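The structure appears right after this line, and notes come after that.
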Amino acid sequence: MSAVTRPLRWQDLSAVASLEQLLHPDDPWSVATWWAELAERPRRDYVVRVESEQLVGYAGLDLAGDSADVMTVAVDPQRQGQGHGDALMEHLHSRAARAGCDSVLLEVREDNRAARGLYDRHGYVLVHRRRGYYQPSGVDALVLRRSLGAEAQEGHDV
């Protein structure tokens with residue numbers, strides 16, 4: 001069975017929170033935080049990536065104004081490198097374009113090599129560095145931007 005990307009449902013919250021805990025043990029979003037994010041629809045738009053009825057990843061956007069902000073992108077460590085992150089990013093870009101956004105912004109830890117590789121592949125460029133942002137480690141946060149260009153034009157036609 002091939003993987004699908006679909007809207008996040010409340011029934012997914014336990015699995016999403018478990019994967020969040022695995023990926024971010026020092027500062028995971030709680031189930032309550034996920035409920036709050038769902039309550040922000042339609043401004044917030046979250047999807048999950050599912051294969052054989054198993055959650056393999058999730059991603060979300062804040063759709064406000066001309067630019068969308070990536071709130072999160074995550075793929076199960078055992079499923080990374082299989083194209084799930086790329087599929088999630090492509091979905092976010094398409095969704096932002098349909099909402100009329102001309103660019104997408106995100107923030108990433110400088111030391112998160114896997115995520116930075118994903119964002120590099122999708123055309124993100126550095127717009128700002130927040131020195132020592134992540135505490136207590138003191139790791140810099142990188143603010144990255146991707147223009148939607150033709151995708152934004154197509155999004156206006158939808």
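Some points to look at:
- Placed amide H near L8: partners under 5 Å, 5+ positions off or other chain: Y46, V47, V48
- Neighbour-count order for R130, R95, fewest beta carbons within 10 angstrom listed first: R130, R95
- Order of M89, M71 - criterion: other Cβ atoms within 10 Å of each residue's Cβ, fewest first: M71, M89
- In sequence order, calculated HN-Hα J values of segment 125-133 (Karplus, 6.51, -1.76, 1.60; Hz; x Gly/Pro): 10, 6, 10, 6, 10, 9, 5, x, 4
- Dipole magnitude (debye, nearest 20) for the chain, charges at Cβ of Lys, Arg, Asp, Glu: 140
- In percent, rounded to a whole number, the relative contact order of the chain is 18, using alpha-carbon pairs under 8 Å and six or more apart.
- Candidate values [x] 179; [y] 93; [z] 117, label of the one derived for volume of the Cα convex hull per residue in Å³: [z]
Every number here is computed from the coordinates shown, using simple stated rules; none is lab data. As the structure is a computational prediction, the values presented were derived from the model and not from experiment. Note: ideal-geometry Cβ built from the backbone for every residue, glycine included; neighbour counts use all protein chains shown.
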